[in-house]
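*Asks:* Let me begin by handing over the structure; questions about it come next.
Nothing in this text is a laboratory measurement; each read-out follows from the coordinates by a stated rule. The structure displayed is predicted, hence computed values, not measured ones. In this analysis, Cβ positions are derived from the backbone assuming ideal geometry, glycine residues included, and neighbour counts consider all displayed protein chains.
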Amino acid sequence: MRRGFSIEGKRVIVTGAAGGIGQAVARRLAENGARVALLDVARVADATAAFAADLPGDCRAITADVTDPNALAEAFAAVDTAFGGLDGLVNNAGITRAEDVFDITLESWRDVIDINMTGAFLCAKLAMERFRAQGEGGRIVQMGSVVGHQGALKGHLHYSASKSALHGMSRTLARTGAAFGVTVNTVAPGLVRTPLIDTAHGDGAEMAAAVPLGRLAEPSEIAAAVHFLLSDDAGYITGAVIDVNGGMHMR
Ligand SMILES: NC(=O)c1ccc[n+]([C@@H]2O[C@H](COP(=O)([O-])OP(=O)(O)OC[C@H]3O[C@@H](n4cnc5c(N)ncnc54)[C@H](O)[C@@H]3O)[C@@H](O)[C@H]2O)c1
């Protein structure tokens, strides 16, 4: 169903598009007329392709690991060929692990930072290069987190570090992009009902008690904010962090 904010015909890459929030974002964008490239890892390639085929309009799955610069370059080039350009990037791929400072190995630290932070940088770089060359503006939305503001309640040190970094990266990218009409914003969800939150925290009822609105968010509620930031109506918003957290953190 069309919901207002115009993204008709926009060509958008969504990373981590096979996951809970990624699927909701891809669906929301496709249902509102965007052409969506759903990027995710090889492990979920079949599921991503099946999901993309089920979306309305011109949507396609692309396989790449966001930590692999060569695979990303190929994936973005494939989107150039398929869509004839790029209008938006949603840096959504991410992982977390319920580990505390005492348990986190250097390897695990690097895994989380590489995917959540370096992967976002690599994708943003490829998108910014295209936006600058095209000269028609562009949009980047990064998937931050409430823990990027306040830290995690327990453990998840690498994850919270990566999300704070994304918030900061967005602001600097926003200043760079402003010179050629690109906006860069962050959506910072609280607790969202997805596989990531299930593996990270388990009991939904206990988590909901920590949320003033008394429940977890649905992925579609995060997708709504992403849709708005990609739309023409959000053209004067850049460097912002939009909190979608049920009141867990108020600034
Ligand atoms: N679920 C929440 O409560 C919550 C809260 C705040 C922020 N977020 C953020 O939202 C984003 C999506 O989370 P989700 O809850 O949908 O998780 P999810 O686990 O359902 O989906 C994450 C997706 O990222 C993909 N991915 C992982 N590593 C990748 C890599 N190296 N390259 C490409 N893709 C990769 C996975 O295959 C998966 O499809 C993440 O950045 C997460 O940190 C989630």
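*Asks:* Within region 52-61, identify whether any single residue is surrounded by fewer than 19 Cβ atoms within 10 Å (Cβ to Cβ) and within 9 Å of the ligand (Cβ to nearest atom), and answer yes or no.
*Replies:* Checked region 52-61: no residue is surrounded by fewer than 19 Cβ atoms within 10 Å (Cβ to Cβ) and within 9 Å of the ligand (Cβ to nearest atom).
*Asks:* State whether the residues of region 95-113 include one that is more than 13 Å from the ligand (Cβ to nearest atom) and within 19 Å of H227 (Cα to Cα).
*Replies:* No: region 95-113 contains no residue that is more than 13 Å from the ligand (Cβ to nearest atom) and within 19 Å of H227 (Cα to Cα).
*Asks:* Oh, and also: With respect to L196, determine if the residue is within 12 Å of the ligand (Cβ to nearest atom) and either free of Cβ contacts under 8 Å to residues at least 12 places away in the same chain or buried (at least 19 other Cβ atoms within 10 Å of the Cβ) (or both). Can you show your working first?
*Replies:* Working: within 12 Å of the ligand (Cβ to nearest atom): yes; either free of Cβ contacts under 8 Å to residues at least 12 places away in the same chain or buried (at least 19 other Cβ atoms within 10 Å of the Cβ) (or both): no.
Taking the combined requirement at face value, the residue does not satisfy it.
*Asks:* Tell me the residue from V66, V14 that is in contact (Cβ under 8 Å) with a residue 60 or more places away in the chain, of a type in the set (V, I, T) and out of contact with any Asp or Glu (no Cβ under 8 Å at 6 or more places or on another chain), please.
*Replies:* Numbers: V66 fails: in contact (Cβ under 8 Å) with a residue 60 or more places away in the chain.
Every option except V14 fails the conditions.
*Asks:* Find all pairs meeting these conditions: Cβ atoms under 7 angstrom apart; at least six residues apart or on different chains; first residue within region 142-167 and of a type in the set (D, E, K, R); second residue buried (at least 23 other Cβ atoms within 10 Å of the Cβ) and part of a loop (DSSP other than H, G, I, E, B).
*Replies:* Here the result reads K163/G144; K163/S145, each pair linking region 142-167 to a residue that is buried (at least 23 other Cβ atoms within 10 Å of the Cβ) and part of a loop (DSSP other than H, G, I, E, B).
*Asks:* Kindly state which helices (runs of 4 or more DSSP H) lie completely within region 142-251 and contain at least 3 residues that are over 22 Å from S6 (Cβ atoms).
*Replies:* Details: elements: 147-150, 157-178, 195-201, 204-208, 219-230.
So the answer is 147-150, 157-178, 195-201, 204-208.
*Asks:* Moving on to the next point. Output the strands (runs of 3 or more DSSP E) that fall wholly within region 1-90 and possess 3 or more residues being among the aromatic types (F, W, Y), or say none.
*Replies:* Values: elements: 11-15, 35-40, 60-63.
So the answer is none; nothing clears 3.
*Asks:* Give region 24-51 a look and list any residue that's in contact (Cβ under 8 Å) with a residue 24 or more places away in the chain, within 11 Å of the ligand (Cβ to nearest atom) and more than 11 Å from V14 (Cα to Cα), or say none.
*Replies:* Within region 24-51, V41, V44, A47, T48, F51 meet the criteria.
*Asks:* Here's something else I'd like to know. Scan region 94-107 and give yes if some residue there is in contact with a strand residue (DSSP E or B) (Cβ under 7 Å, 6 or more places away or on another chain) and either buried (at least 21 other Cβ atoms within 10 Å of the Cβ) or closer than 21 Å to G19 by Cβ (or both), otherwise no. So that I can check it myself, show each step before the final result.
*Replies:* Looking only at region 94-107, we keep the residues that are in contact with a strand residue (DSSP E or B) (Cβ under 7 Å, 6 or more places away or on another chain), and these are 94.
Retained after the next criterion (residues that are either buried (at least 21 other Cβ atoms within 10 Å of the Cβ) or closer than 21 Å to G19 by Cβ (or both)): 94.
Yes, some residue in region 94-107 is in contact with a strand residue (DSSP E or B) (Cβ under 7 Å, 6 or more places away or on another chain) and either buried (at least 21 other Cβ atoms within 10 Å of the Cβ) or closer than 21 Å to G19 by Cβ (or both).
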